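*Asks:* Sharing a structure, written as structure tokens. Questions coming.
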Amino acid sequence: MKHVAFTICAKNYLAQALTLKKSFKEYNPDCDFFIYLADIRDDAIEESDVRDLDVSWIPAWKEMAFKYDVVEFNTAIKPFCINQLFDQGYEKVAYLDPDTYVKDSFQYIWDVLDRKSIMLTPHYFSVNENFNGAVGDAAILGQGVFNLGFGAYRATANGRKLISWWMAKLQNQCYVESSEGMFVDQKWMNYAPVFFPDDVEITHHAGINVAIWNLHERELLIENNKYVIKRFDGEKFPLILFHFSGFDPFETKVINRRHPQYNVDTYPSFKPIIEEYRQSIYENGYDKYSVMPYSFSTFSNGENIIVMQRRLFRKYVATQRPFVDPFDINDSFYKLLKKKGCLTKVFSANIRASKGTKETAGKMEKRFLIPIAKLLKKILGIRWYFYFVRYATQFRKPEYHDFLIK
């Protein structure tokens, strides 16, 4: 059976996914490639090899689509997709984030899977006491040792066992929630080399999953009209996969919008591939797809769903209360939210934390929260104020507020 690679995306990331598919097939014409749509297909999507969600292989997908936000949901269904491909006879499966870009054959990866069941890439692998990269060691501890924008898996007993375990975890525990030790699907894979120490390849191939978090230890060269990565120790590797995490094609200098200070001026050698990728996603319909709304951002009447409601639904499901379709305004969960006054009654497009809302939050902190905190400290004294602060950390979790729907 052929080897296969796949990605997962919502409609607004289809240009990136199609760019990835085209780049993968250019260098791997004998391998299959699929795009799993973590969204609802509409008439504007005509591309082949786009797979829809189905209860036959992911029974609780609608529940997961509601209780997770778009990033959490896209990552939560990953092992279910891998499992489906295993069941369809694919022996070797590679997952790639939709914003990755292939520049060479995957033969090295398939060869690794001849001797290992799992292949993972650490965010970076050089010891640097005076760290000068974009994403520091402490941040990586919170996100997981491995970056799962790439992962390769073989349908061995160990491979299937890991995927089955991962499916069970991600059905209910794929949140961005530091208080519970979770960072979507990623931190769970810290266990892989513990569970299977002789069957996991932690690759140090510097040309796989090159991204903002490891550019400080790599340099891009062009030799014989091919991209080559020069590692910090001087060793060279063919560039197989570049990961454009956080990329905004409208920002000509920024590589990752979350780390704008680490840009093409910081890493000038990477400018050629950045410009190439920018052009490619435009050619694959960026203007068309990027504005498409996320189908799971609203109830059936178009009313926005906020994170608080998703997390309250998490608690609602955990207590085994009945529901059929949480998106349906005639369903028991929506009726409960309405009865308890927990609906926003806002009917706009996808709500995202914009720069404006972050600035507003900062102003509120200075104007209200800090003065109130100082007053509390004055009233309670430092000892009791400390106890209050420690207890109040629970209050930030939406799940804590499930009393609102009881």
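*Asks:* Report whether or not residue 214 is on the phi > 0 side of the Ramachandran plot, under 21 Å from the mean Cα position of the chain (by Cα) and at pLDDT 95 or above.
*Replies:* On the way: on the phi > 0 side of the Ramachandran plot: no; under 21 Å from the mean Cα position of the chain (by Cα): yes; at pLDDT 95 or above: yes.
In short, no.
*Asks:* Further, regarding this structure: Could you tell me whether any residue of the stretch 271-280 is under 30 Å from residue 341 (Cβ atoms) and either in contact with a helix residue (DSSP H, G or I) (Cβ under 7 Å, 6 or more places away or on another chain) or assigned to a strand (DSSP E or B) (or both)?
*Replies:* No: zero hits.
*Asks:* Out of (1) surrounded by fewer than 15 Cβ atoms within 10 Å (Cβ to Cβ); (2) touching a strand residue (DSSP E or B) at 6+ places or on another chain (Cβ under 6 Å); (3) under 24 Å from residue 183 (Cα atoms), the odd one out for residue 38 is which?
*Replies:* Residue 38 satisfies all of (1) surrounded by fewer than 15 Cβ atoms within 10 Å (Cβ to Cβ); (2) touching a strand residue (DSSP E or B) at 6+ places or on another chain (Cβ under 6 Å); (3) under 24 Å from residue 183 (Cα atoms) except (1).
*Asks:* Give the residue, chosen from 172, 209, 225, 158, that is of a type in the set (S, T, N, Q) and surrounded by 20 or more Cβ atoms within 10 Å (Cβ to Cβ).
*Replies:* Details: 172 fails: surrounded by 20 or more Cβ atoms within 10 Å (Cβ to Cβ); 225 fails: surrounded by 20 or more Cβ atoms within 10 Å (Cβ to Cβ); 158 fails: surrounded by 20 or more Cβ atoms within 10 Å (Cβ to Cβ).
On inspection, the qualifying residue turns out to be 209.
*Asks:* Pairs under 9 Å by beta carbon, first residue assigned by TED's automatic domain parsing to the domain that holds residue 313 in the stretch 395-406, partner modelled with pLDDT under 85, six or more apart or different chains?
*Replies:* Between residues of the stretch 395-406 that are assigned by TED's automatic domain parsing to the domain that holds residue 313 and residues that are modelled with pLDDT under 85, the close pairs are 400/394; 401/395.
*Asks:* In the set 142, 234, which member is of a type outside the set (A, V, I, L, M, F, W, C), more than 15 Å from the chain's Cα centre (by Cα) and not in a strand (DSSP E or B)?
*Replies:* Matching residue, one of 142, 234: 234.
*Asks:* Shifting gears a bit: Tell me the residue from 10, 17 that is in contact with a Ser or Thr (Cβ under 6 Å, 6 or more places away or on another chain) and assigned by TED's automatic domain parsing to the domain that holds residue 246, please.
*Replies:* 17
*Asks:* Could you tell me whether any residue of the stretch 199-206 is acidic (Asp, Glu), closer than 27 Å to residue 264 by Cα and touching a strand residue (DSSP E or B) at 6+ places or on another chain (Cβ under 8 Å)?
*Replies:* No, the stretch 199-206 has no match at all.
*Asks:* Based on this model, can you work out whether residue 164 counts as farther than 15 Å from residue 78 by Cβ, part of a helix (DSSP H, G or I) and under 21 Å from the mean Cα position of the chain (by Cα)?
*Replies:* No, not satisfied.
*Asks:* Restrict the check to the stretch 34-51 and report whether at least one residue is out of contact with any helix residue (DSSP H, G or I) (no Cβ under 8 Å at 6 or more places or on another chain), within 22 Å of residue 186 (Cβ to Cβ), outside the structural domain of residue 315 (by TED's automatic domain parsing) and not in a strand (DSSP E or B).
*Replies:* Among the residues of the stretch 34-51, not one is out of contact with any helix residue (DSSP H, G or I) (no Cβ under 8 Å at 6 or more places or on another chain), within 22 Å of residue 186 (Cβ to Cβ), outside the structural domain of residue 315 (by TED's automatic domain parsing) and not in a strand (DSSP E or B), which makes the answer no.
The values are calculated or read from the model by the stated rules, or taken from the named source; none is laboratory data. Treat the numbers as computed from the prediction; the structure is a model and nothing was measured. Glycine gets a Cβ as well: all are built from the backbone with ideal geometry, and neighbour counts include every protein chain shown.
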